[in-house]
Each structure stands twice: as structure tokens, then as C-alpha cells.
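Here is the structure we will look at, set down as C-alpha cells.
The values are calculated or read from the model by the stated rules, or taken from the named source; none is laboratory data. As the structure is a prediction and not an experimental result, all values here were calculated from the model. Heads up, the Cβs are rebuilt from the backbone with ideal geometry, glycines too, and the neighbour counts pull from every protein chain shown.
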Amino acid sequence: MDGESRAPSLTLPRSGGGQAGTRLGPTMQGLSVRSRVKLCAFLFALPLLAILALFEIAPLLAIAWNSLHDDDGLITLANYAEILGSRFQRSAFVTSVLVSAGSAGLGILIGLPVANILRFMPVRLQQTVLTYANIGSNFTGFPLAFAFIIMFGLSGSFTLLLAKLGIAGHLDIYSTAGLVVVYAYLQVQLAILLLFPSLGAITPEIEEMATMVGASRLKFWWRIGLPILSPSLIGSFILLFANAMGTYATAYALVGGNANLVTLRIGELAAGDVYSDPQLADTLATLLILVLIVPVIVEQALLKRSRP
Amino acid sequence: MTKHGKDAQRVVVGLFVALQVLPVLSVALNAFATDWAGSILPEGLTWHWAGQIFADPRFTLALRNSLVISFGAMLVSAAVTIPAVLAGHCYLPSLDRCLGALVILPYAVPGIALALGLMRIYSGQYGVQLNGTPWVLILGYVPLGASFYYLPIKNNLRAVPVRELIEAGHLVGAGDLAIMRRVILPAVIRGVVVGLVMNFALAISEFVYANLLVGGLYPTLQIFMNVLRQGSGRLTSVVVTVYFVVVWILSTAVVAVMARRED
């Protein structure tokens, strides 16, 4: 970018990024035109910035602020102490983490081979699969839960089919294991979307070289493929994990209040008739965000270190 | 590609199609089944349930509300996000980096946390009463959908020599606005179309904001499904089928747009 901006140019105003100091005497008019263009560009961005501030940043600050105050508006850590001291709330975090890690793991395990096979398909087919996966990852909440109830519920077709085929042990979708399966439905599609672009790093040359030195497929993936992909595997896992940790609608529609998940507890504290407690809801939500932000920060730090 | 590889491809595409079709098919069958209890396939088909739902004013209202909110959110998001992304990419690199982080943030922050925050701010305590109106959804969905424009537009722009184009435009005496409208915008139009559809799909699928912030005051399809849950599974199936059909038509439209790219 900077190299470009030093290229000889007419005295016409340059668009952003150019270092004025490196050029000899930009005219006063040139400078003011450039800064006017920048100001104008900023004005075009202003509506979005305002909405992001009011509907993304402000709500987060509001719950963080609320979580640190008691009913009388005094600063306190009592809300945090109450949640961390409650075995019930702690177990909600444990269940959420297990369901999220399990479904994210399943998503990667199934999504990676699928994304890999996708690499060898015609571009048009690739795009079709990716687009439907993209839209499919929106099939959340009530419609998804309902479809699973019809397929795998107590008298669902697949439950009956599996029973008829003599496959014992039907899947109880209203259980925690059921949640993992329903979440995994979304996670696989998201994993395909996230992993497909990074598979470009495994070029035919690398694979050919591995074949020439006599590495088996398994050995190739274990020694070369997975290490190459590891940054994006970790990144994708964290994103899938965060996605599952934050899932509310699907769990709410499937198990109602029966599963002890953090998001369901938050919903109950925020809008429940019996258990309503706004401060505790905000505290729980703030803790949930912290649990999700920490892995992202650690991952970014590791990435920076591995690429000096 | 070996024979083995081709088979693997077929299996994968088949599985993927099954993954997408089976849930929809099950719900649709349930919507049109006469009697479906204790058997793998229903005994007969009927329009009875569909007729009942389409005659229900609550359904028509929910469908209308959902369309108003989805189109509203889509138009507002597009109108504020596209100029901002272009302005950032072409003129303000530091703003661009900032936007990149802000649009990704909702991926890491759970929707229910944001919904709680909106509940605290816009319930009238600070003189602004948005909760209970469609506006809190239309505006609230903007941050959630911004990445749908940001990412594909940035992808398209990476292939475009923006600086050179702007300079060339200046040489022939065109203003920056005209260059944006005539040269840069057409270069990213496909990214914009994909963003529009994804944004619409998000808005019509969203439940957490709709349930916590608006609920019965402006019921959407998702809210109506949740209300119906207590009643007949057949009626719910019809509503879910309608939702699936709308989203599928949209997906197919995107596939068509993407396919035209190569022609």
C-alpha cells in the first residue's frame, strides 16, 4: 500500500492511506480535498457505527454494569458470588460446556472429511453445497427442534424405523445426548463452511510429495495434513463451541426448562414468572460472555506467537 | 479422480441432501397426513390442517409481521452497512479494521446476552421505548446481519484494484461518489445479493430477540410456532412447512445468482 502511494502521480487528490509526508509539498487545496473526502467517507459509515454502538456495544455494557450493582444501585460483587457459589448454576456451566464441546467436536469430525471431499468436486457443485450449508445453518430454534421431534420423538418415524430394524437403544432427543445430536446437525454444516476455505492450504504438490516418499493416506493426514490445518481447526472449534454455548432457541424448543443449560437459566431469570431476577440474569450472561471471549483471546495470542 | 473418490463424492452429496431434505420432508408429511401415529409413513394425505391454518387470522398476522420485520431489517442493514464497508475499504483503513472486529463480535457473543442488554436499555427507563415494537427487531438485527455484507463484499473487493480505479476516475474528472456508484458498487453486487438473502433468512429465523423483546405484542412466525406448540402438532407442522418453503426458495435464488457468476 505504501509503496503504491509513493508512485509518481499527478496533483490530483489521492484516496486514503497515502502518507502525505513522503511526497513533496502537496498543495493546500489537495490536502483539504483529501480530508474532505475522508470526512465524507466517515459520514457514510456513521449510521452503521451509530447502530452498532446503540444495539451491540451499549447492550453489552448495560448487562456488565448491571451485573456489578445491587437492587439499590450500589456497586457489588455479590451477584457473582451468588452464581459462583451455587452448585446449580455451576452445573449449568458444566452441562453447557459438555454439550457445546461434544457437538463442536462432532461437527469437526464429520465436517472435515466432507469439506475435504468437496475440494475435488466441480466448482458449481461446491458452491451449491456451500450455499445450502450456509442457509441450513440458519435452521435453528423451533423449526429444527420440531423436525427432530417428528423424526426421533417417542413415536417419530425414525424411532419406529430403527425399532423395526431391530436397532436397539433409541435416541432420547429430550436428553442431554439428544441436544448434542440436534446441535451437531447445525455444527456439521457450519464446520463445512469454516473448514472448506482453509483446505486450500493442502495443495496437490504437498500430497504428491507425500506419496512419493511413500506415506500412506493415514500417515499423510496425521503427520502433514492435520498439522497444516491445526490453526483453522482450533479456530473453527472455538467458533462452533461459542455457537453452541450461546444457543437458546433450539434448546428452549426441544427441552424447555428441563435441561440445565446456561442460556436457559438466563432466559428463566430474565423473563420467568417465578424466578425472575434481572441482576442475576445479567451476571450469568456476563459470565457466559467471559467464558467465550477467553478462548478467542488465547487463540489469537497463540496465533501471533506462531507467526512472528 | 479415482473410482473410489467418485463414489465418496456421491455418498457425501447424497448424505448432505438427506441431511437437508429429511427434516423438511418429515414436517411436510406431518402437515398433510390424515393419520400418522404408530406407523413409519402416514396413512393418507389431506389439506385439512393447511386449510385450517390459512384461515387462521393469527397465522396471517404472524406471516405479515415476519415479512415486515425481515424485509425491514434487510433494507435497513443493507442501507447502512454497504456504504460503511465501501467507505472503510476505500478511504479509511483504520475504520475498516474496526468494522471487521465489530461485525464478527456477534459470533462470539450469545444472542440472549445482547437481548438482555437491549431489554435493559430500550424499555423506557432512559426515555426510549422500543421494546414491544418491530423497531427493536429491525434495528437490533443490523449488528447480527452486518457480517453477511461485510465478508462477501470484502472478498469481492480484494480482487479489485480500488486505488487505481479511483485514481483513474479522478483523471477523467469523475467525483468519488460517482466512482463508488458506477465502478465499485457493480464490482461487489454479487456479494451484496448473497448478503441480502442471508440477512433475510436470519431475520425470519430469529427467535430469542423476538420472544424476549417483543413477544405477543408483534408476534412473528417463530412466536406463533411457539404458541401453537401447546396445541396440535399438525397445525405447527403446516406453519413450519411454510417457513421452510420460504427459506428454501431464497436459498435456491442464491444458488442461481452464484451460478450465473461463471457464465
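Restricting segment B:50-103 to residues that are in contact (Cβ under 8 Å) with a residue 40 or more places away in the chain, polar (S, T, N, Q) and over 23 Å from B:ILE166 (Cα atoms) leaves a set whose member that is surrounded by the most Cβ atoms within 10 Å (Cβ to Cβ) is B:SER77. Would you check which residues across segment B:176-226 are under 24 Å from B:LEU29 (Cα atoms), in contact (Cβ under 8 Å) with a residue 40 or more places away in the chain and not aromatic (Phe, Trp, Tyr) and list them? If the condition is that a residue be under 24 Å from B:LEU29 (Cα atoms), in contact (Cβ under 8 Å) with a residue 40 or more places away in the chain and not aromatic (Phe, Trp, Tyr), then B:ALA201, B:ILE204, B:SER205, B:THR220, B:LEU221, B:GLN222, B:ILE223 are the ones that fit. Being more than 20 Å from the chain's Cα centre (by Cα) and under 30 Å from A:ILE202 (Cβ atoms) is the requirement here; does A:LEU46 meet it? No; evaluated as a whole, the condition is false for this residue. In segment A:85-103, the residue that is nearest to A:GLN279 (Cα to Cα) out of those that are in contact (Cβ under 8 Å) with a residue 40 or more places away in the chain and not small (Gly, Ala, Ser) is A:GLN89.
Yes or no, residue by residue, for (1) modelled with pLDDT of 90 or more; (2) within 10 Å of chain B (Cβ to nearest Cβ); (3) surrounded by 20 or more Cβ atoms within 10 Å (Cβ to Cβ):
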residue	(1), (2), (3)
A:ARG36	no, yes, no
A:LEU49	yes, yes, no
A:LEU52	yes, yes, yes
A:LEU61	yes, yes, no
A:ARG90	yes, no, no
A:THR95	yes, no, no
A:GLY111	yes, no, yes
A:ILE117	no, yes, no
A:GLN127	no, yes, no
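Considering the conditions (1) more than 9 Å from chain A (Cβ to nearest Cβ); (2) touching a residue at least 12 places away in the same chain (Cβ under 8 Å), B:TYR141 is excluded by exactly one of them, (1).
All of (1) in a loop (DSSP other than H, G, I, E, B); (2) within 14 Å of chain B (Cβ to nearest Cβ); (3) loosely packed, with under 12 Cβ neighbours inside 10 Å hold for A:GLY214 with one exception: (2). Listed here are the helices (runs of 4 or more DSSP H) enclosed by segment A:248-308 that have at least 1 residues being of a type in the set (Asp, Glu) and at pLDDT 80 or above: A:262-271, A:278-306. Somewhere in segment B:56-79, is a residue assigned to a helix (DSSP H, G or I) and at pLDDT below 90? No, segment B:56-79 contains no residue that is assigned to a helix (DSSP H, G or I) and at pLDDT below 90. Scanning segment A:222-256 for residues that are over 30 Å from B:LEU202 (Cβ atoms) and crowded, with 20+ Cβ neighbours inside 10 Å yields one hit, A:GLY225. Among the helices (runs of 4 or more DSSP H) confined to segment B:129-207, the ones with at least 1 residues that are within 22 Å of the chain's Cα centre (by Cα) are located at B:134-158, B:189-205.
Give me the residue from segment B:245-262 that is in a helix (DSSP H, G or I) and at pLDDT below 75 and, out of that set, farthest from the other protein chains (Cβ to nearest Cβ).
Step one: of segment B:245-262, the residues in a helix (DSSP H, G or I) are B:245-260.
Now restrict to residues that are at pLDDT below 75: B:251, B:254-255, B:257-260.
Working: B:SER251: 4, B:VAL254: 5, B:VAL255: 5, B:VAL257: 9, B:MET258: 5, B:ALA259: 6, B:ARG260: 11 Å.
Among those residues, the one meeting the criterion is B:ARG260.
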